[in-house]
Structures are given as structure tokens and as C-alpha cells.
Amino acid sequence: MAIATKGQTGLTGNTAVAYAMKQINPDVFPAYPITPSTAIVEDFAGFVADGAVTSELITVESEHSAMSACIGASAAGARVMTATSAQGLALMWEMLYIASGMRLPIVIANVNRALSAPINIHCDHSDSMGARDSGWIQLYSETVQEAYDNMFMAMRIAEDTNVLLPAMVCFDGFITSHAIENITLVEDADAREFIGQYKPGHSLLNVDNPATYGAMTLQDTYITFKHQQSQAIARAKGVAASVGAEFGKKFGRAYGLFEGYRLEDAEEVIVILNSAAGTTKVAVDELRKQGKKAGVLRPRLFRPFPFEEIAKALSGAKAIACLDRVDSMSGFGGPLFNEVRSALYELDKRPKVMSRIYGLGGRDYKVKDALEVYAELEKTAASGKVETLQKYITL
């Protein structure tokens, strides 16, 4: 695949992510393709066939096997990456917990797709949100450029010796994965310099310093392992902030834990993930022309959740709507709503917060939908009361 590396070039999200993987050149890439992430595996297989990478591509019989192979390779000391979506991530469920519990810095590109039933191949966040408590770091991407950049940052965060946990880069199926955007690629040498050489602290193949992975633990030790894992993912927040700033210094595109858009003086705020943030920004610009103080907060790092920083950023708002592209099926709003509302609880003066479920199975989310939510927020800001705490929109 011939891709221009000077200036801007037009790529789909899948091709851009596959190209980032090519530049990272992992030691092992186990994979079982699934829509809409299939093109990542296809493109990377092409790089392997062309000799553009030295990676060992392992074609397996299922996504469960793909993550199992990732775990074995990573425990042996290899740098490991893969890609999946939806039912594929769900089939990895058992192994996701094993990868994080073993503190293996595997990086996965997860192209967000709705979980069945009914069967749907389009975008929502039920796959990655279902895995939100599996111990994996989660980065969410608004654009093709960000998905590409996040692959490098995820590798650095995961492999940091203060973290050593797996990471997933999430971006919207078809909306981002198949859309062509002009992006700026980094040079191969610069990419290699940024991620550095992986030096595993423990390897099953190091016979001089033998290590054990996946040993049996009972009541006296299991909680100690989990405590250490919990401390490690908490440390990932600071590492993510540092790596995002370093990426910006080197490549001119700095990334924080979240993005605030016209947030400084905003009184009505929508909190939203991934590509739909772009649509919401258009609505904000329209409202700002009318003199209304609307803003957007787009979390980038969802696990670990930067609750202190997000609470501070939202402390000046009067009314907030958290838009989830997934229903937690708890009867009390989506996961983003619950995280944000909990983060705001410690504030002396708390904004009013509402939950809105939107866009499941790829249903369009349009500027008019965002404007309707902002209209609700304006009423809430004026009255100090939330009329409807949780409901579906875009129906």
C-alpha cells in the first residue's frame, strides 16, 4: 500500500490505524477479523506479506483465541497488538480480565459497533462500555487523526513501567472507521523514537530470571494483586496526560485527558464521546451566535476516569446533559452519565445533570438533536429543575 507520508493524506480510520500499527511494528499480531474492523486486519496482513513489518501475524479461529494468543505472546516478552469490534470484543471477555490481571501491555484497536441482539453492524458503544471495568485503559477518538495518534499514545501508556496494563483505542464504526479524512502522518523514524523499544521486565522465555503468569491465588493474596492493579490504572491518568503533552510537543497535536470546546464560560454543557462531539460542536457554534453560553466536554480517557479534572472543568456549568451511545440497562441512565454525575457529587454547588441515550445501532445523531438537548438544558438552567432525568432521543 503506497501512502504519502509528507503533508496531509486522505485515509479511512481503519487504514490510518493499520498504518500506525505498521509504524509501531509489533512483534506479534494475532487477529480474527470482524466488521467493521476487518480492514485493519486486511491492511496489516498486506504489510506483513509485503515485508513492510517484521511482525508475526497469527490467524486464529476466533476472537477468544486472538486474545489468548496476545496474552501468550505478551507474557513471553513480545510487543503485541490486535483489532476487533462488537461480538469479537465480547468473545474476548474472559481473556480481557486475564490480560489486565497479568499486567500485560497489549494494545487493541476497537472499532465501536453495537452488540446484538438484534444483529446490527453499525456504531454504538455497547462493546467497549461493556468492557469498561475489565482493567483496560480506554482512549476514545473523535476523528481519524485522533484514532491514528491514539495508537502511538496507547502503546506508550500501556508499556510505561508505572502502568503495565493493556489499552484499547476506541473509534466509531463506519462513521470514523470507513470515513476518509485528511490527516497528517508522522515519519517512521519519529514514530519509532516516540514509542521506543519495549523492554519487558519479566518474560516466560527468560530462563535466567524465571517468571510465573496466571498462578493460583487464594483468599490471602488475591486482593493484594487487585490492589496493585487498581493502583496501576490510577497512575495511568498521570501517564496519559504526560504522554499526550509529549506527543503535542513532538508532533504539534497535544492531547489532554478530555477536550473542552467553548467550555470556559459555558452554562449549558453536553458531555459526549467520539465522533458525535463534532456534530455537537456545530450546534454550539450556532447557539453562540445567538449569545447563548453552550459548550461541549468530550472525554478522551474513560478508563481510568479523570473524575477530579472533569468535575473541575464542569463546575461552572448550570445544567449538563450526558449523551451515551449505549444504555447500561440499569434503569438509571448510561455509563457516561453515571460517571460524570458521581464526579460532580463532591462539588459544593452541583450543576443539574440529565442522561440522554442516543444513536444506538448507528441511528443518526444530527445538529437538530443536539439543539433540542441544549433547549432542555436552557430550561433546566433557568428553573433549577430537571424535568426528565433519563430518556432516549433520536428515536
Task: Under Karplus coefficients 6.51, -1.76 and 1.60, residue-wise ³J(HN,Hα) of the range 103-111 in Hz, glycine/proline x - done: 6, 9, x, 6, 10, 10, 8, 10, 8
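Taking a ≥ b ≥ c as the square roots of the Cα gyration tensor eigenvalues, with a/c under 1.5 meaning rounded and otherwise prolate when a/b beats b/c, else oblate, which class fits the range 57-172? Write down the numbers at each step before the final one.
Values: a/c = 1.73, a/b = 1.23, b/c = 1.40.
Since a/c reaches 1.5 but b/c is at least a/b, the shape of the range 57-172 is classed as oblate.
Rounded to a whole number of µm²/s, how large is the Stokes-Einstein D of the chain at 37 °C and 0.692 mPa s, given Rh as the Kirkwood radius over C-alpha pairs? Walk me through the numbers before you get to the answer.
Numbers: Rh = 21.4 Å.
It comes out at roughly 153 µm²/s.
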Open item on the list: Angle check, please: helix 38-49 long axis (alpha carbons) against the longest principal axis of the chain (alpha carbons), in degrees 0 to 90, nearest 10.
Closed with: 30
Open item on the list: Test of understanding: in a Gaussian network model of the chain with alpha carbons linked when under 10 Å, which of 128, 315, 330 would top the mean-square fluctuation ranking?
Closed with: 330
TODO: Report the label-to-label distance for residue 117 and residue 262 in nanometres (one decimal), using points 7 Å from each Cα along the Cα→Cβ vector.
DONE: 4.5
Open item on the list: Please compute one quarter of the surface area of the Cα convex hull for the range 258-392 and express it in square nanometres.
Closed with: 7.5
Open item on the list: Skipping prolines and chain starts, which residues have an amide H placed within reach, meaning under 5 Å, of the one on residue 300, given they are 5 or more residues away or on another chain?
Closed with: 258, 259
Task: Per-selection metrics, the range 165-216 (Cα): Rg and Dmax in Å - done: 18.5, 50
- [ ] Calculate the spin-label point distance for residue 253 paired with residue 342, positioning each point 7 Å from the Cα along the beta-carbon direction, and give it in nanometres.
- [x] 3.1
Open item on the list: I need the peptides 302-311, 113-122, 142-151 ranked by packing, meaning the mean over residues of other C-beta atoms within 10 angstrom, with the highest value on top.
Closed with: 142-151, 302-311, 113-122
Open item on the list: Only bridges whose two residues both fall in the range 8-251 count here: according to DSSP, what percent of them are antiparallel, nearest 5?
Closed with: 20
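Between Rg and the Kirkwood Rh of the range 1-123, both from Cα atoms, what is the Rg to Rh ratio?
Numbers: Rg = 14.4 Å, Rh = 14.8 Å.
Taking Rh as the inverse mean 1/r over Cα pairs, Rg/Rh reads 0.98.
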Open item on the list: Quick check: the angle from helix 144-159's long axis to the longest principal axis of the chain, C-alpha only, nearest 10 degrees?
Closed with: 60
Task: Angle between the chain longest axis and helix 13-24 axis [Cα atoms, degrees, rounded to 10] - done: 40
- [ ] Report the label-to-label distance for residue 178 and residue 197 in nanometres (one decimal), using points 7 Å from each Cα along the Cα→Cβ vector.
- [x] 4.3
Task: Spatial separation of Cα centroids for the range 199-234 and the range 356-395, in angstrom - done: 45
TODO: At 4 °C and 1.567 mPa s, grab the translational diffusion coefficient of the range 325-391 from Stokes-Einstein with a Kirkwood Rh over Cα pairs, rounded to a whole number in µm² per second.
DONE: 99
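As a test of the formula, what do you get for the chain when each DSSP H run with n ≥ 4 contributes -39,500 (n - 2.57) and the sum is divided by the residue count, at 222 nm and rounded to the nearest 500 deg cm²/dmol? The partial results should precede the final answer.
Working: 13 runs with 160 residues, N = 395.
Result for the chain: -12500 deg cm²/dmol, rounded to the nearest 500.
Let a ≥ b ≥ c be the square roots of the eigenvalues of the Cα gyration tensor of the range 202-246; is it rounded (a/c under 1.5), or, if not, prolate (a/b larger than b/c) or oblate? Provide the component values of the computation, followed by the final result.
On the way: a/c = 4.95, a/b = 1.43, b/c = 3.46.
The shape class here is oblate.
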Task: Note, ³J(HN,Hα) from phi for the range 263-273, Karplus 6.51, -1.76, 1.60, rounded to Hz, x at Gly and Pro - done: 9, 3, 10, 5, 9, 10, 10, 9, 9, 7, 9
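Over all directions, average the projected area of the Cα convex hull of the range 162-265 and note it in nm².
Numbers: hull surface 47.4 nm².
Over all viewing directions, the range 162-265 projects a mean Cα-hull area of 11.8 nm².
So which of 312/385; 249/352; 250/366 end up more than 28 Å apart, counting from Cα to Cα? Don't skip to the answer; put the middle values down first.
Working: 312/385 22 Å; 249/352 37 Å; 250/366 35 Å.
Over 28 Å apart, Cα to Cα: 249/352; 250/366.
Read-outs: derived from the displayed coordinates by stated rules, not from any lab. Bear in mind the structure is a predicted one, so any value in this text is a computation, not a measurement. Cβ atoms come from the backbone with ideal geometry, glycine included; neighbour counts cover every protein chain shown.
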